[in-house]
Amino acid sequence: MVFAACSKNESEFLYKGDMLPVAIKGYNGSSEELVVKIDTFKFKFDLPPQQALNQSDAYTFIEDRTTALLTITEKTSGKLVLERQLKKGEKNVAINLFYTNDGIVEYNPPPVNPNANIVGVFITKNVQTIINADIAVTLSGNVIKYLAKDVPPNQWFFFETDYIPAVPATERIAFRRAGTTLGYYQDASARNIFSNFPLFPVDGTKGELRSYIITGSTGVKNIAATRVF
């Protein structure tokens, strides 16, 4: 999941000489801090565990160097997570990284549909027995519409939707254990719902792709959606 692309935030960087801006976005779902280096140059900040990633830095090619090696490694073990050869003359580099304790998770979204919106979800499941999830729109606890059924955890799942809530202030998005009325992360339904609609536009906009990490807790923490792509 590494690619070079034109940045939408070019104005954030001050170009000077052969400076190459590098941006890393995604999610570090592992328990390890990750270290980013370009040859001997180290990113100012390490990539924290269990958090969304959105960091940028810039590398300057010196003398007659035309290439440089970017590496991302686990801070504690030194295990190589990713490497990428950078070339002098690239306008900028954008790296999408989704990493877990099991390694890099591939992110292959479907083509955008101009007539609907696509939602990608990566549902984490780290405590309970692994089960699938149903994602439903509810009103007063009753299902109005299922957005997706039997969604497997710990992998990317994509679905299309053109749903627009009639009354966003009262409708909810609920995550349930597949085929049941139980909350996905906890039995208490209130801990497994979004009281708004963060996953997709509700103003009639179509043709968007939004991808989220869905996390929950067996404690007092509510379900959360972190947009990564």
Of a type in the set (Phe, Trp, Tyr), modelled with pLDDT of 90 or more and closer than 17 Å to Leu199 by Cα: does that describe Phe122? yes
Quick count over segment 187-216, residues being without any contact (Cβ under 8 Å) to a residue 40 or more places away in the chain and surrounded by fewer than 20 Cβ atoms within 10 Å (Cβ to Cβ), is 11
Return the residues of segment 92-116 that are free of Cβ contacts under 8 Å to residues at least 60 places away in the same chain and part of a strand (DSSP E or B); say none if nothing qualifies. Gly103
Among the residues of segment 44-83, the number that are of a type in the set (Asp, Glu) and open to solvent by 90 Å² or more (accessible area, probe 1.4 Å) is 3
Of (1) within 30 Å of Ser31 (Cβ to Cβ); (2) assigned by the TED database to the domain that holds Glu33, Lys87 satisfies every one except (1)
Going through Val151, Val119 one at a time, which residue ends up being in contact (Cβ under 8 Å) with a residue 24 or more places away in the chain, touching an Asp or Glu at 6+ places or on another chain (Cβ under 9 Å), closer than 22 Å to Asn101 by Cα and crowded, with 17+ Cβ neighbours inside 10 Å? Val151
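The values are calculated or read from the model by the stated rules, or taken from the named source; none is laboratory data. Just so it is clear, the structure is predicted and the values come from calculations on it, not from any experiment. Methodologically, a virtual Cβ is constructed for each residue, glycine included, from the backbone with ideal geometry; neighbour enumeration extends over all protein chains shown. Just so you know, the surface numbers come from the protein's heavy atoms only, side chains and all, with ligands and any DNA or RNA stripped out. Shrake-Rupley method; radii C 1.70, N 1.55, O 1.52, S 1.80 Å.
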